[in-house]
Amino acid sequence: MSGKSFNAFEMAQAQFDHVADILDLDAATRALLRVPLREYQFSIPVRMDDGHVEVFRGFRVQHNDSRGPCKGGIRFHPQETINTVRALATWMTWKCAVVDIPLGGGKGGVICDPHNLSAREQEQICRGWVRQLARNVGPLADVPAPDVMTSGQHMLWMLDEFEAIHGKKYPGFITGKPLGLGGSLGRTEATGYGVIYTVREALKQLHIRPEDTTASVQGFGNVSQYAIELYTQMGGKVICVSSWDQTDQTSYSFKKVAGVNLKELLDITDRFGGINKAKARDLGYEVLPGDDWLVQEVDILIPAALENQITGENAGKISGKVKIIAEGANGPTTPEADEIIKAKNIFVIPDFLANAGGVTCSYFEQVQCNMNYFWEKDEVLGKLDVKMTSAFLAVSALAAKRKLYMRDAAYVIAIDRVARACRERGWV
Ligand code: NAD
């Protein structure tokens, strides 16, 4: 579904321009917030296992740090582009602001495909990324985290390189670290659970009981798996899940009307979140085309894979039964699709609110690292629920009061906070 001409950054800017008009922002603030403050693009030479040297392209974009150090993941993806990283960095600024944590927005990436790289090669990419940026990132400047196709292991290699360069321990440099090595309990669950905390609140407002609902989810990685876990615990039933098939280079949807079984699906899923097609058939799943997750007759849709998935072309196919779209992924819905979704009167929980659980828990990880005192899992998840719920309630209250689309209401709150920080610092 990823059209060649899709430019995520243009989409992020279009969303910003729209809200800048609602807020009547002055020209200088618009000029400042429309583009990132800083961008780094660099090469990472790596000697591969067969002896030849391959040069990978790396990125880090720091969109805005008026409210605190930049914060954002590092993605390893063969189709990574600077514009995707710019968009994601911009969305991180709004995400930290909407949940009101004292951090700004950043994002990074490397054009590579970990499917085809050994662990040693991936370690060299991680260390090379940090060597290029060691003076431009850090606990008080810019704090990376795992994202698509990167894990706690990658973060630990990066931390190790950073500490080797600076000659001291800096556990707050990076988040998403493994447990026992500066990681926080609850981080693995945080984004998926956070999505469902907001779904729970949306259902309350719509006067629908979770146990009376069904859902369809795109993606079966970290966000999706934990969203499914908590939603199922609340009594909801997921009837369709889609994932990317590395062998066939396409996606498939896996459907079970009685409800997918998370554990049995996990047993047939690789570490990249790809579900084994043949084994799924054996377990009684219907294997459908990749886009079919979107057209299911369910109450809740959760896109939790990639950007640019619900578009002007396919949004019209969304069932009339759908009441909520909770965006687990970043930027899954295009502005053209938004217009169709508005007309269908679907309640949207926008990406930078719905999936803010990850960064909120990363912030808790930093706080714990700085104190060198680690909380129990219940304490982390309890604090996460409080933050996510209050952010959701603030956005939905503003949406109701000013009759705004939920995405616009979330943007109004976030952009207003960042614009105010820039003004009060005397930047504009
Ligand atoms: P992941 O790599 O763990 O999982 C991605 C999943 O999407 C995999 O199951 C993969 O098979 C599937 N997928 C990829 N392309 C697909 C396609 N075309 N159709 C269907 N499925 C496809 O990634 P993740 O950490 O779960 O992140 C998913 C999304 O959520 C991304 O947009 C990411 O930026 C966003 N996000 C993640 C976090 C986090 O904490 N992990 C936080 C905020 C936002």
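Here the Karplus relation 6.51 cos²θ - 1.76 cosθ + 1.60, evaluated at θ = phi - 60°, turns the backbone of the range 207-223 into coupling constants of 6, 10, 7, x, 5, 9, 10, 10, 9, 10, 10, 9, x, 9, x, 4, 5 Hz, with x for every Gly and Pro. Residue 252 contributes about 50 Å² of solvent-accessible surface, heavy atoms of the protein only, 1.4 Å probe. Measuring between alpha carbons in the structure, the pairs from 95/256; 321/401; 321/377; 107/204; 204/255; 204/256 lying more than 32 angstrom apart are 95/256; 321/377; 107/204. Taking θ as phi - 60° and the Karplus parameters 6.51, -1.76 and 1.60, the scalar couplings of the range 112-125 work out to 6, 10, x, 4, 9, 10, 6, 4, 5, 5, 5, 4, 5, 5 Hz in sequence order, x denoting glycine and proline.
Per-residue Karplus couplings for the range 419-424, computed as 6.51 cos²θ - 1.76 cosθ + 1.60 with θ equal to phi - 60°, are listed in order as 4, 5, 4, 5, 5, 5 Hz, Gly and Pro entered as x. Computed about the Cα centre, the dipole magnitude for the range 297-428 is approximately 560 debye when only Lys and Arg (+1) and Asp and Glu (-1) carry charge, each at its Cβ. Rounded to the nearest 20, the Cβ-based charge dipole of the range 189-354 about its Cα centre (Lys and Arg +1, Asp and Glu -1) stands at 440 debye.
Solvent-accessible area per residue in the range 267-330 equals 41 Å², computed with a 1.4 angstrom probe and all protein chains kept. Here's the picture: charge each Lys and Arg Cβ at +1 and each Asp and Glu Cβ at -1 in the range 1-160, and of 88, 66, 117 the one pushed furthest to the positive end of that dipole is 66. Comparing mean-square fluctuations of 358, 167, 331 from a GNM of the chain with C-alpha springs under 10 Å, the top value falls on 167. For the range 294-345, trypsin sites (Lys or Arg not before Pro) are listed when DSSP marks them as loop and at most 13 other Cβ atoms sit within 10 Å of their Cβ; the list is 321. Computed with a 1.4 Å probe over protein heavy atoms only, the accessible surface of the range 63-179 comes to 30 Å² per residue.
For the range 185-224, with every protein chain kept in place, what is the accessible area per residue (1.4 Å probe, Å²)?
Numbers: 1330 Å² over 40 residues.
Per residue, the range 185-224 has 33 Å² of solvent-accessible surface.
Considering only 320, 192, 183, the mean-square fluctuation computed in a Gaussian network model of the chain, springs between alpha carbons under 10 angstrom, is largest for 320.
Think of the range 189-354 as having a plus end and a minus end, set by charges on the Cβ of Lys, Arg, Asp and Glu; of 233, 216, 196, 233 sits farthest toward the positive end of this dipole. Accessible surface comparison of 386, 19, 295, probe 1.4 Å, protein chains only, largest first: the order is 386, 295, 19.
Do any GluC sites (Glu not before Pro) in the range 291-387 lie in a loop, going by DSSP, with at most 15 other beta-carbon atoms within 10 Å of their beta carbon, and if so which?
Working: sites: 297, 307, 313, 327, 336, 339, 365, 376, 379; in loops: 297, 307, 313, 327, 376.
Answer in residue order: 297, 313, 376.
Binning the alpha carbon pair distances of the range 189-354 at 5 angstrom intervals from zero yields the distribution 2, 10, 20, 25, 21, 15, 6, 2, 0, expressed in whole percent. Distance from the alpha carbon centroid of the range 256-326 to that of the range 118-171 works out to 33 angstrom.
Summarised as an ellipsoid, the range 182-254 has semi-axes of 24, 19, 8 Å, derived from the eigenvalues of the Cα gyration tensor scaled by 5 and square-rooted, with the largest first. Under the combined filter of DSSP loop state and at most 11 neighbouring Cβ atoms within 10 Å, the range 351-428 retains these trypsin sites (Lys or Arg not before Pro): 403, 425.
In whole percent, and with a 1.4 Å probe on the protein chains, what portion of the accessible area of the range 189-354 is carbon and sulfur?
Values: 3170 of 6430 Å².
Its accessible area is 49 percent carbon and sulfur atoms.
The alpha carbons of the range 342-400 give a radius of gyration and a Dmax of 14.6, 50 Å, in that order. Annotation: aspartates and glutamates with alpha-carbon distance below 12 angstrom to residue 317 (same-chain offsets under eight excluded): 291, 292, 297.
Rg and Dmax of the range 40-192, both derived from C-alpha coordinates alone, stand at 14.7, 48 Å. Binning all Cα-Cα separations of the chain at 20 Å, short to long from zero, yields these whole-percent fractions: 27, 60, 12, 0. Surface composition of the range 65-142: carbon and sulfur atoms hold 47% of the protein heavy-atom accessible area at a 1.4 Å probe. Toward the positive end of the charge dipole of the range 361-428, with +1 on the Cβ of Lys and Arg and -1 on the Cβ of Asp and Glu, the farthest Cα among 393, 367, 419 is that of 419.
When only the Cβ of Lys, Arg, Asp and Glu is charged (+1, +1, -1, -1), the dipole of the range 304-363 relative to its Cα centre reaches about 340 debye.
The values are calculated or read from the model by the stated rules, or taken from the named source; none is laboratory data. Note that this is a predicted model, so its numbers are computed, not measured. Counting neighbours? That spans all protein chains shown, and the Cβs are built from the backbone with ideal geometry, glycine included. To get the accessible areas, we keep the full protein, side chains included, count just its heavy atoms, and leave off ligands, DNA and RNA. Shrake-Rupley method; radii C 1.70, N 1.55, O 1.52, S 1.80 Å.
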